[in-house]
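The values are calculated or read from the model by the stated rules, or taken from the named source; none is laboratory data. Predicted model only: the values in this text are computed from it and were never measured. Don't worry about glycine lacking a Cβ; one is built from the backbone with ideal geometry, like all the others, and counts go over all protein chains shown.
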Amino acid sequence: MARFLIAAAHKSSGKTVISTGLAGALTARGMVVQCFKKGPDYIDPMWLAAASVRPCYNLDYNTMDADEFTAVMVDRTANADVAMIEANKGLFDGVALDGNDSNAAVAIATQTPVILVIDTNGMTRGIAPLLMGYQAFDPKVNIAGIILNKVGGPRHESKLRAAVAEYTDIPVVGAVGRNAALDIGERHLGLTTPTETSHLDSKIETLSKIVGEAVDLDLLIEIAKTAPDLHVALPTRPALTFHGLRIAVARDRGFGFYYSDDLEAFQAMGAELIYFDATRDQSLPKADGVFIGGGFPETQMEALEKNHALRSDIKSKLNAGLPCYAECGGLMYLCNSMEWNGERRQMCGVIDADSMMCTRPQGRGYAKYTATNAHPWGADATEHQAHEFHYARLENISGNLKFARNVTRGAGIDGRRDGIVIHNVMAGFIHLRNSKSNPWVERFLGFVQRVKSTQ
């Protein structure tokens, strides 16, 4: 399995632009490119998926061990020509001081050569000690090439190349100049998403052309082919236990934070996913359960409010007992109202609380929780690992609400609890990832099946 890992010395070095451009350029060559993203991220994988024209999968030490995500890599690249992993933050960054959850740890565990993207703005000869330090810091990491990024011009590039050649043995795989056409755009939760980008196809084409012409793609593939074969037990295919269950999933400009393999887990167990647009569709599709993920509902709250027919249908059906799981933006949508930038809009009114977007994060990073006796999918004493990243908080919360989670790390809804339970609805700020240690998709489907069998 030919593969490489795109990393950087620090965040905001342009990794996602470079990775998206490479995925698009290699795909345009006729190659099947399988992309992966390290860590709990939704937006970067959307760009990588758009460029490679196939789902992107996350590799996350927080919810998976090395054997599990290595198995995911091997399984998902069975019919691909090359695999690309995009790191998060810097190569050696992670939560653990010893780096056992860092991007470097992923590279070591999967025996993947690293292509280091260096933001060269304001740098010439100083690139040499930086690279020498990165090589010496952990010799087990194979830094097999570098891409010079944000290069100021031919003279700047020649100085950088000379310093790299004089002091290191790392090949320069490419040099990408400063170019406004490479800008994707950022906002309060990171990069803008592909669904919000006008003329997406032309944007991907532009990124692919600029990056593809600036990088020696033949050399990159040669480096990727030096990765040794991986030998790991592949995951067993689940039985079609929930064949016939239909799950309605909100997917539009406001809701789009879903892990590809989580959605695939629904289908692998026999459930059918029916997508709906909360800004346009007038009613929920016929379904046995509902899944409303995170996203940017605040940017679409006018359209969400105007779609009174759907809001009314959701409220009526959830109040009547239709099972629903909602994460973050989904939680906000189910509340009485949503407020952002001084503007308040009416939402579904299933949960007796109001959501408000703040200027600073209210919950950010890895989270841990245990399930309470109120959890509709079943109580569980195990401490589960998850993550959260929200600028929203809830206000005017009814004192009669029940909570499914006791938060042992993170913010949740009120610093101690998360997962509001009402009827057969469970909604919280914490994002789950389906894994061996927390097979939440199977638990949710089991709950949906039990509810259906009693009707």
**Asked** Where residues in the stretch 1-36 are farther than 24 Å from residue 131 by Cβ and within 14 Å of the chain's Cα centre (by Cα), which of them is surrounded by the most Cβ atoms within 10 Å (Cβ to Cβ)?
**Response** 35
**Complete:** Out of (1) closer than 18 Å to residue 430 by Cα; (2) in contact (Cβ under 8 Å) with a residue 40 or more places away in the chain; (3) not hydroxyl-bearing (Ser, Thr, Tyr), the one residue 300 does not meet is (1)
**Prompt:** Which of the following residues is at pLDDT 95 or above, more than 26 Å from residue 272 (Cβ to Cβ) and of a type outside the set (A, V, I, L, M): 447, 429?
**Reply:** 429
**Request:** Find the residue count for the stretch 393-434, including only residues that are over 19 Å from residue 448 (Cα atoms), of a type in the set (Gly, Ala, Ser) and in contact (Cβ under 8 Å) with a residue 24 or more places away in the chain.
**Result:** 4
**Item:** Criterion violated by residue 76 - all others in (1) surrounded by fewer than 24 Cβ atoms within 10 Å (Cβ to Cβ); (2) more than 20 Å from the chain's Cα centre (by Cα) satisfied
**Value:** (2)
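Residue check: is residue 68 buried (at least 17 other Cβ atoms within 10 Å of the Cβ) and closer than 22 Å to residue 21 by Cβ? Steps first, answer last, please.
Values: buried (at least 17 other Cβ atoms within 10 Å of the Cβ): yes; closer than 22 Å to residue 21 by Cβ: no.
When the stated conditions are applied, residue 68 does not pass them.
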**Request:** May I ask you to list the residues in the stretch 94-119 that are among the acidic types (Asp, Glu) and without any contact (Cβ under 8 Å) to a residue 40 or more places away in the chain?
**Result:** 98
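Just give me the residues in the stretch 332-351 being touching a residue at least 60 places away in the same chain (Cβ under 8 Å) and within 30 Å of residue 385 (Cβ to Cβ), in sequence order.
Residues of the stretch 332-351 touching a residue at least 60 places away in the same chain (Cβ under 8 Å): 332-334, 336, 350-351.
Those that are touching a residue at least 60 places away in the same chain (Cβ under 8 Å) and within 30 Å of residue 385 (Cβ to Cβ): 332, 333, 334, 350, 351.
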**Fill in**
Scanning the stretch 91-108 residue by residue, the ones that are modelled with pLDDT under 95, surrounded by fewer than 21 Cβ atoms within 10 Å (Cβ to Cβ) and either among the charged types (D, E, K, R) or touching a helix residue (DSSP H, G or I) at 6+ places or on another chain (Cβ under 9 Å) (or both) total 5
**Request:** Run residue 301 past the list (1) buried (at least 19 other Cβ atoms within 10 Å of the Cβ); (2) at pLDDT below 95 and report the number of the one that doesn't hold.
**Result:** (2)
**Asked** In the stretch 240-259, what count of residues is obtained for those that are closer than 23 Å to residue 37 by Cα, among the hydroxyl-bearing types (Ser, Thr, Tyr) and modelled with pLDDT under 95?
**Response** 0
**Message:** I'd like the residue in the stretch 154-192 that is in contact with a Gly (Cβ under 8 Å, 6 or more places away or on another chain), in a loop (DSSP other than H, G, I, E, B) and modelled with pLDDT under 95 and, out of all such residues, is surrounded by the fewest Cβ atoms within 10 Å (Cβ to Cβ).
**Reply:** 178
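Tell me, which residue of the stretch 260-297 that is in contact (Cβ under 8 Å) with a residue 40 or more places away in the chain and β-branched (Val, Ile, Thr) is nearest to residue 389 (Cα to Cα)? Break it down into steps so the answer makes sense when it comes.
Narrowing the stretch 260-297 to residues in contact (Cβ under 8 Å) with a residue 40 or more places away in the chain: 260-262, 264-266, 269, 271, 278, 286-297.
Of the ones still in play, those that are also β-branched (Val, Ile, Thr) are 290, 292.
Values: 290: 22, 292: 16 Å.
The residue in question is 292.
Would you say residue 354 is in the same structural domain as residue 314 (by TED's automatic domain parsing), of a type in the set (D, E, K, R) and without any contact (Cβ under 8 Å) to a residue 24 or more places away in the chain? Show your work before the answer.
On the way: in the same structural domain as residue 314 (by TED's automatic domain parsing): yes; of a type in the set (D, E, K, R): yes; without any contact (Cβ under 8 Å) to a residue 24 or more places away in the chain: no.
In short, no.
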**Request:** Within the stretch 369-401, track down each residue that is among the β-branched types (Val, Ile, Thr) and closer than 13 Å to residue 418 by Cα.
**Result:** 370, 372, 397
**Complete:** For residue 236, the lone unmet condition from (1) closer than 20 Å to residue 76 by Cβ; (2) modelled with pLDDT of 90 or more; (3) among the hydroxyl-bearing types (Ser, Thr, Tyr) is (2)
**Message:** Among (1) under 20 Å from the mean Cα position of the chain (by Cα); (2) closer than 28 Å to residue 34 by Cα; (3) of a type outside the set (Phe, Trp, Tyr), there is one condition residue 332 misses while meeting the rest; what is its number?
**Reply:** (2)
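Hey, among 411, 367, which residue is under 20 Å from residue 41 (Cβ atoms) and surrounded by fewer than 21 Cβ atoms within 10 Å (Cβ to Cβ)?
Working: 367 fails: surrounded by fewer than 21 Cβ atoms within 10 Å (Cβ to Cβ).
One residue alone meets the criteria, 411.
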**Request:** Please note which strands (runs of 3 or more DSSP E) are completely contained in the stretch 327-426 and include at least 3 residues that are touching a His at 6+ places or on another chain (Cβ under 7 Å) and more than 25 Å from residue 310 (Cα to Cα).
**Result:** 363-371, 380-390
